[in-house]
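For reference, the structure discussed in these notes is given below.
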Amino acid sequence: MAGFSYCTLGSGSSGNSLAVWDSEGLFLVDAGFSGKEIKKRLDAIGQAPEDITALVITHDHSDHVKGAGVLSRRYDIPIYATRKVLGGKFFNKERLSAEKEIKPDKKFNIGNFEILGFEVPHDASQTLGYRIQSNGSCMAIATDIGHMPDRVIPILKGCDGLVLESNHDIEMLKNGPYPAYLKKRILSDTGHLPNTESGDVLIKVIGPETKHVTLAHLSEENNTPEVALETVKTILSSNKVKGVSVIPASQEEVGDVVDLRRPFAHSS
């Protein structure tokens, strides 16, 4: 059967990982939990770490790579990342099973999947989002973004599913407990995408083929799933965007399995 499935194993400042699979293979985008925790979360969706064929890394902040080295060594899994990330502050201290260099804007393949990494602005060694295609279906993941560059918008168009950062509510952040330097970092062009900008991006990229949107990397201090969902849905509704399921990702729980091989049952 055509298509593939994906699921957020967890998303937020304490850990991030996304599982992508078809009938022939499984890979992860990021491994920001311990190896034990990733195994537990894979078990919850009927997958196993022994079946992982690749770890594809967005960037080298610990909430995205914490378990990558352990998984790579334990299960003999290659790490796919840019040269800047592989030689950066995290991976230059890690012993890995194998390294596979990703070059931004150049496609590569993992099993049946064709993947395009595209650079996004964030304060890490180098940060990529990914457009993932296989068997006539497509999804994209774009998180840890200070702002959305115009050049990325076309890459996010034409996808069946999207995982997009919706990190914070601006007023909650400004009035919240974070120190001034941290608020400044988050609000900067290399920080994190707020709910309002996430909604604005979605009205530009959602097309007739788009059926599912996951709002990802929600701040535990400066956002709530309810606030993110209401903000984004209000923007979509005011721009007459309909027929799309919008769900916030959880830090603590595995998300819904999105199966691009069959019709979606829910819509906003």
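All of the numbers you see were taken from the coordinates with simple rules; none came from a lab. Since this is a predicted model, take the numbers as computed values, not measurements. We place every Cβ from the backbone using ideal geometry, glycine too, and count neighbours over all the protein chains shown.
Assorted remarks:
- Separation of the Ser62 and Glu252 label points, Cα + 7 Å toward Cβ, nm: 2.2
- FRET efficiency for Arg74 and Ser238, using Cβ-Cβ distance with R0 set to 41 Å, rounded to 0.05: 0.25
- Taking the empirical scaling 2.2 N^0.38 Å for compact globular proteins as reference, the range 1-89 has a Cα radius of gyration ratio of 1.01.
- Between Ala68, Ala19, Ala48, the residue with the greatest mean-square fluctuation in the GNM of the chain (Cα pairs under 10 Å linked by springs) is Ala48.
- Here the range 1-96 carries DSSP beta bridges of which approximately 60% are antiparallel, counting only pairs with both residues inside.
- Distance between the pseudo-spin-label points of Leu187 and Asp123 (7 Å out from Cα toward the beta carbon): 1.4 nm.
- With 0.36 nm allotted per residue and the present C-alpha distance subtracted, the Lys40-Asn92 stretch has 16.0 nm of extension available.
- Spherically averaged projected area in nm², based on the convex hull that wraps the Cα atoms of the range 65-112: 3.6
- Whichever lysines have a C-alpha closer than 24 Å to that of Lys233, once near sequence neighbours (fewer than 8 apart) are set aside: Lys157, Lys174, Lys204, Lys211, Lys242
- Spacing of the modelled spin labels on Lys204 and Ser23, each 7 Å from Cα toward Cβ, amounts to 3.9 nm.
- Computing Rg and the Kirkwood Rh from the Cα coordinates of the range 169-268 gives a ratio, Rg/Rh, of 1.00.
- Eligible lysines near Lys36 by straight Cα distance, threshold 26 Å, same-chain separation 8 or greater: Lys66, Lys89, Lys93, Lys100
- DSSP beta bridge pairing in the range 5-252, given as percent antiparallel to the nearest 5: 50
- Each part gets one Cα centre, and for the range 1-79 versus the range 90-118 those centres are 14 Å apart.
- GNM flexibility winner over the chain from Pro149, Pro248, Pro225 (Cα, springs under 10 Å): Pro149
- Taken along its three principal axes, the alpha carbon spread of the chain comes to 48, 47, 34 Å, from the longest extent down to the shortest.
- The sum of -39500 (n - 2.57) across all DSSP H runs of n ≥ 4, divided by the residue count of the chain, sets its helix-only mean residue ellipticity at 222 nm to -6500 deg cm²/dmol.
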